[in-house]
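First up is the structure itself, then whatever we jot down about it.
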Amino acid sequence: MRVFLPSTLPALARALQTGQLSDAGQVGDGSVPGFAVTPALREAYASGDEEELEYAALTEAARASLRLLAADPAAPRRRVVLAADLAADQVRWDPRDAEPARVTIGAVPLASLASALIDDTEAAADVRGAVEALPAADAGDEDAKFAVDGAEGHELGWYATQELSYLAE
């Protein structure tokens, strides 16, 4: 099962040092929040094929990365989404969750990573604006929501796992 894990460049660097992604999430019990194709996501996108459903989960993870950036003002303003291939029994999903793609997993060994998706440096200004607009967007401000959506105009670049150590430096 493909799981998309929101992160930041500093969190990715810590994960590369420890060998596990347990540091990448913001959940206190050592589990990592992620996004995947769940039954609720399939229901929400009833006409979507598997590729469209995975893109929806990826988009949710990219938006969650914005929240991680908001919590870490010193982090470079680049969204990071790690893609891991995991066995279905490693992924926990709560059908009551308001976000249909949200899942939780335990610590993930780096060997489970399939790839990383990271913003190019040229996206930094739009990502910074999206991070700054998050509180107002959460409060219902339509202009702020537009600014948050503006970060989605940048396609995340694909990196092979072998390239991650160079990127984190």
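Tabulated data for the structure shown
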item: MRE, 222 nm, helices only [DSSP H, n ≥ 4, -39500 (n - 2.57), over the chain, to nearest 500]; result: -12000 deg cm²/dmol
item: Protection-proxy order for peptides 144-151, 43-50, each taking the mean of Cβ atoms within 10 Å per residue, highest first; result: 144-151, 43-50
item: Surrounding net charge for residue 38, when Lys and Arg each add one and Asp and Glu each subtract one, Cβ distance under 15 Å; result: -4
item: Percent RCO, i.e. relative contact order, over the chain, from Cα pairs under 8 Å lying at least 6 residues apart; result: 27 percent
item: Most mobile listed residue (86, 156, 21) in the chain, GNM with C-alpha springs under 10 Å; result: 86
item: DSSP H segments from the chain that extend 30 Å or more along their own axis, Cα-based, with Kyte-Doolittle mean of 0.0 or above; result: 50-71
item: Choice from 63, 92, 78 showing the highest fluctuation, given a GNM over the chain with Cα pairs closer than 10 Å; result: 92
item: Reciprocal mean inverse distance between Cα atoms of the chain - Kirkwood radius, Å; result: 16.1 Å
item: Förster-model FRET efficiency, 35 Å R0, residue 72 and residue 96, C-beta, rounded to 0.05; result: 0.75
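FYI, it's all coordinate maths here, none of it is from the lab. These figures come from a predicted structure and were not determined experimentally. In this analysis, Cβ positions are derived from the backbone assuming ideal geometry, glycine residues included, and neighbour counts consider all displayed protein chains.
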